[in-house]
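Have a look at the structure below before the remarks.
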Amino acid sequence: MQNTLPSPLQSFLLDDAERRDLVTARRVNLMRILLREQYLSREALIERVEYLLGNAAFGEKSWEDNFYRDMRVVKAGFKAAGYELKYSRQKGRAGYYLAGNPALGTAPQAEIRGALAELDDAQMQIYKQMPAAQKFRQSVSIIDFGRQVQQRTQTP
């Protein structure tokens, strides 16, 4: 089948399908995650997708079948785009990865570099002296804020 739709129309239709269909949403998110991160186990992929789409995104009873069915489609999609999805059993680097890609995609690498550039020694000393409970509260607060931002960007 030949692509006859301009890219913006394809993006619009994919976004619409993703909102309407859980299977499409799972597969799209699996692809997005694998473009960003490498060497992810089945459990790690499921955890990330369920964080984005809600618990039991793969179903209650046949979740394993759904995951492997989705991964077959994801692998075929990557192949059509010129990528090769593989699975490594190597200790320390086990999991799904795109052959030839770095362990972290360029976007997360840039995000990490930016975050590290903002740190200074004074901040590090303050953080080291914080009690564990305060560090935990701060982490939860950051996660909650991230979820609020995500919900606002997903709601038209």
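Coordinate-derived values only; no laboratory data. Note that the coordinates shown come from a computational prediction; the quantities given were computed from them, not determined experimentally. Because the Cβ atoms are built from the backbone with ideal geometry, glycine has one as well, and the counts that use them run over all protein chains shown.
If R0 is taken as 35 Å, the Cβ-Cβ distance between GLU84 and ALA117 corresponds to a FRET efficiency of 0.55. Largest GNM mean-square fluctuation among GLU111, GLU47, GLU64, using the chain with Cα springs under 10 Å: GLU111. Projecting label points 7 angstrom from Cα along Cα→Cβ for LEU22 and LEU5 puts them 2.4 nm apart. The phi-based Karplus calculation (6.51 cos²θ - 1.76 cosθ + 1.60; θ = phi - 60°) puts the 3J(HN,Hα) values of region 89-100 at 10, 5, 4, x, 9, 8, x, 6, 7, 9, 4, x Hz, whole numbers, x for Gly and Pro. If the reach is capped at under 20 angstrom between alpha carbons, list the lysines near LYS86, excluding any in the same chain fewer than eight residues apart. Reachable lysines: LYS75. So, in nm, how far is label ARG69 from label ARG147 when the simple model puts each one 7 Å beyond its Cα toward the Cβ? Distance between the two pseudo-spin positions: 2.9 nm. What are the aspartates and glutamates whose alpha-carbon lies under 18 Å from the alpha-carbon of LYS135, with same-chain residues fewer than 8 places away excluded? Reachable aspartates and glutamates: ASP120, ASP121, ASP144. Relative contact order of region 1-82, taken over Cα pairs closer than 8 Å and 6 or more residues apart, is 27 percent.
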